[in-house]
Amino acid sequence: MPKILIVGAGQSGLQLALSLLEHDGYEVTVMSARTPDEIRAGRVMSTQCMFHAALQHERDHGLNFWEAETVKVEGLGVSIAAPDSSRALDWVGRLDDYAQSVDQRVKMAGWLEKFEERGGKLIIHGVTTSDLNSLAGMYDLVVVAAGKGELVQLFDRIPELSPYTQPQRALSLAYVHGMKPRPEHPDFSAVRFNIIPGVGELFIIPAYTLSGNCEILFFEGIPGGPLDVFTDNPDPQEHLDRILSLMKQYLPWEYDRAGEVELTDSRATLAGGYTPVVRNAVGELPSGHAVLGMADVVVANDPITGQGSNNASKCAASYLDSILAHGDQPFDRQWMKGAFDKYWEYAQHVTIWTNAMLQPPPPHVLEIIGTAGAKPEVARRFANGFQDPSDFQHWLLDPEKAAAYLASV
């Protein structure tokens, strides 16, 4: 019976752990730095809007515990602010299948409890490289799914796939109740993607949290710019007040919806930033044991494209397939590399698209975004690209393909 250790209790690690438990013959251990109650009582961790393919992985394994009560995200809208803070462009594209965002405090706490209920072994302990060095020999496969902390350093950065060496956005967010619907589409909810040229972006994401449905106000600011004002770690109310002040200054149409908002709870704000990076998926411990990195441990993209939890879910599904197909054979370095390569066949498209989105849009992309305002089919294709980013290579990322596509519509 293969013994598998998964270090980290996020979307990728817990989805993989829970799905492995469905199959006889695997002894699965998860190491989490926090208990379920500590996760619920902690600070928000992400924005995690998940699109259809990622949600379907959860459904396939009976992990969609909050789907019925969570607001359905049925569209994705784009607005561009003019220099005078008016709207230079505004449209919404409908998603073919709805997306959803469940606060990871809700999901990961619930999944950890379910993992134990279903027979998995849970160890509450923060893991260092020294700890892992001692533990690795006790398992047939060690998967590192903790995207922060010293364990990440086990996996070498791949320079040719990692064009950035510092964070490209200063991130700040708040979970709020009381946001009014967009008057342009009061009958359905949508992620709103607001672009402030030369300054940054604001995403407004319908979500579900500890106290029910809410919205996430999520600024991505160009470092050193007007949105990069959260480095002093303000208290939660001051954090929200700054977000609202920036909305009033740059995006008054969104601020107009926020007159009655309040934080969902006292731990509902977050600020920070990280460097996008692709790493080698096979790490080596001082003992010589190899470990496999997954999801944002080895492919960390800026959240400007909202793909973190989607990539995590798809990585878990891909690794599950690779593990099951391998049977009782040793999980050696060659197998680990092959498992990652299979996932990278998809994930590379997300990384290419996300890195492109961090730069000022080239003329052909501006033309596509502009055309989407008049052509619903273009808006719809752009919106549904968030569900399958591999589609963007065929029309958005290449000037000649973009011109051919626009000519066809």
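The values are calculated or read from the model by the stated rules, or taken from the named source; none is laboratory data. What you see is a predicted model, and the numbers here were worked out from it, not measured in a lab. These accessible areas exclude ligands, DNA and RNA; they are computed on the full protein's heavy atoms, side chains included. Shrake-Rupley method; radii C 1.70, N 1.55, O 1.52, S 1.80 Å.
Structural remarks
- Residues of the stretch 1-89: accessible area per residue with a 1.4 Å probe, Å²: 36
- The stretch 38-67 and the stretch 181-225: distance between their alpha carbon centers, rounded to Å: 18
- Over the chain, dividing the summed -39,500 (n - 2.57) contributions of all DSSP H runs of at least 4 residues by the number of residues returns a 222 nm mean residue ellipticity of -10500 deg cm²/dmol.
- Note on the stretch 85-188: Rg/Rh from C-alpha atoms, Kirkwood Rh, equals 1.08.
- Cα-Cα over 25 Å, subset of LYS107/LYS148; LYS72/LYS248; LYS180/LYS248; LYS314/LYS401; LYS114/LYS337; LYS72/LYS107: LYS72/LYS248; LYS314/LYS401; LYS114/LYS337
- Global form of the stretch 111-242, assessed from the alpha-carbon gyration tensor, a/c cut-off 1.5: oblate
- Accessible surface of the chain [probe 1.4 Å, protein heavy atoms]: carbon and sulfur percent: 50
- Helix 236-250 and the longest principal axis of the C-alpha atoms of the chain enclose an angle of approximately 40°.
- Using θ = phi - 60° and Karplus 6.51 cos²θ - 1.76 cosθ + 1.60, couplings along the stretch 127-134 (whole Hz; Gly, Pro as x): 10, 9, 4, 5, 4, 5, 4, 6
- Put TRP91, TRP344 in order of accessible area, highest first, and with a 1.4 Å probe you get TRP344, TRP91.
- In the complete set of protein chains, residue-level accessible area for ASP328 is approximately 140 Å², probe 1.4 angstrom.
- Taking 13 Å as the straight-line reach from the Cα of LYS375, the aspartates and glutamates in range (excluding those fewer than 8 positions away in the same chain) are ASP90, GLU367.
- Applied to the stretch 93-105, the Karplus parametrisation 6.51 cos²θ - 1.76 cosθ + 1.60 on θ = phi - 60° returns per-residue 3J(HN,Hα) values of x, 7, 7, 5, 9, 5, 9, 8, 10, 10, 2, 5, 5 Hz, with x for Gly and Pro.
- Rolling a 1.4 Å probe across all protein chains gives PHE51 an accessible area of roughly 10 Å².
- DSSP-defined antiparallel bridges as percent of all bridges, the chain, nearest 5: 65
- GNM top mover of SER189, SER79, SER134 - the chain, alpha-carbon springs below 10 Å: SER134
- Centre separation in Å (Cα based) which lies between the stretch 147-172 and the stretch 284-304: 10
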